[in-house]
Ligand SMILES: [Zn+2]
């Protein structure tokens, strides 16, 4: 059976005339007076940019504000949203309110922008007037009628029901209102998206839903719509969130992103697997990069861009001209500077909202505990065996994921050693090779760009760990041959007798191996 949403959409597509962005553009150019363009998106979408001269009338407030913003019921009105679906519902609502000539812009603002029509970024943000303020007598009458038909509960009545989870609270305010504070355990389903998302977000139509807005007006409209969709127990919270707060009932104030962060991470916020909560996880995360060299540079650069809130950099070296063929955090004018200092400047230049912590020291058995205990994830970008073993052992002891990468000439490899979840480095190579077998650092050339490939793979594994998404490279070694342009994958197994990570084994302590370079 088709969902209510699909049935409604099909009907609206038959009933609501659509207009292309090109035709809208022509109408605006020819005169502009013959048409009223109405942006029905949420306030934060509108603030990003809109059709020039458009009137902002968010769907959630449509019935409450249409009378004052669209005074001539005979005027030609073009409603648009982001993609042309919400505007169908908005146009339908306007027609029911008596507007005779309402069209929906096909493809919405997305197509408008794609087709290179001009846009403007509105200076003033959306009005902050409360939803129950300044309603016309006509709207007041409609709200009164709606109140007669739609069940309501007071905050005091509703609070125990929400507390014991026999009811689910549904916040129909806009997402940025929800972010500033909401009922504990409530979910956000803005009224503008109600018809489109209700069946997906509220699959149980028999459940008791407490629908609320800021003052209990928008929620009346929303509860009525939900009841039409088959949610027979949708009930509006009288007085809304503000009344609830005034009663001193529990609210949840989420940690939030700043406006600037919201803008910067827009492309994260628009994927469900990241979204606001994922971006906050990134913001709260602490990643330690071992080395600001060939691997550490691209890994740290992208982690900074992605919004990892605290990035530690361990490095004791200074920038040398031979580094610049691959170590992209540094540049010609930073030669001779500490790599940590150079890295911090570059990373904060890219993203000033993060915290870059520099550790000007060589990782050793003396400092590894203090360093690793302060971070969630270790990204290994070191170029020598003693450090690699120390990183491994520290991660085993502290049970931290070790995102491991290495490069040599035209080849690189990457994996995640996560103690308890997969093998550690020592499960594969219990001891370092003898110094004479290890390639000396001076000889070990590497093709430029290659560290970028491997370092970026390390970065993306770290991001997946933070977000808890996808399949990690735990127990898998991904190798990359740049000359053949080929990735291969090897299965890695835990050694049940591993000297360091075997189940129940006591940590044997750190070993300081001799540094091979220059020997
Ligand atoms: Zn092991």
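The values are calculated or read from the model by the stated rules, or taken from the named source; none is laboratory data. Source: prediction; values computed, not measured. Don't worry about glycine lacking a Cβ; one is built from the backbone with ideal geometry, like all the others, and counts go over all protein chains shown.
For region 1-17, a residue qualifies if it is closer than 24 Å to residue 119 by Cβ and buried (at least 17 other Cβ atoms within 10 Å of the Cβ), and exactly one does: 16. Residue 34 meets the conditions (1) buried (at least 19 other Cβ atoms within 10 Å of the Cβ); (2) over 29 Å from residue 212 (Cβ atoms); (3) in contact with a helix residue (DSSP H, G or I) (Cβ under 7 Å, 6 or more places away or on another chain) in every case but one. The failed one is (1).
With respect to the conditions (1) more than 16 Å from the ligand (Cβ to nearest atom); (2) touching a helix residue (DSSP H, G or I) at 6+ places or on another chain (Cβ under 6 Å); (3) in the same structural domain as residue 390 (by TED's automatic domain parsing), residue 433 lacks only one, and its number is (2).
For residue 425, the criteria (1) closer than 24 Å to residue 280 by Cα; (2) within 16 Å of the ligand (Cβ to nearest atom) hold in every case but one, which is (1). Restricted to region 317-420, the set of strands (runs of 3 or more DSSP E) holding at least 1 residues that are within 16 Å of the ligand (Cβ to nearest atom), within 32 Å of the chain's Cα centre (by Cα) and modelled with pLDDT of 95 or more comprises 377-380, 402-408, 411-417. Does residue 157 meet the test of being outside the structural domain of residue 29 (by TED's automatic domain parsing), without any contact (Cβ under 8 Å) to a residue 24 or more places away in the chain and part of a loop (DSSP other than H, G, I, E, B)? When the stated conditions are applied, residue 157 does not pass them.
Residues are listed down the side, and each one gets a yes or a no for (1) under 35 Å from the mean Cα position of the chain (by Cα); (2) not assigned by TED's automatic domain parsing to the domain that holds residue 42:
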position	(1), (2)
99	no, no
110	yes, no
133	yes, yes
144	no, yes
147	no, yes
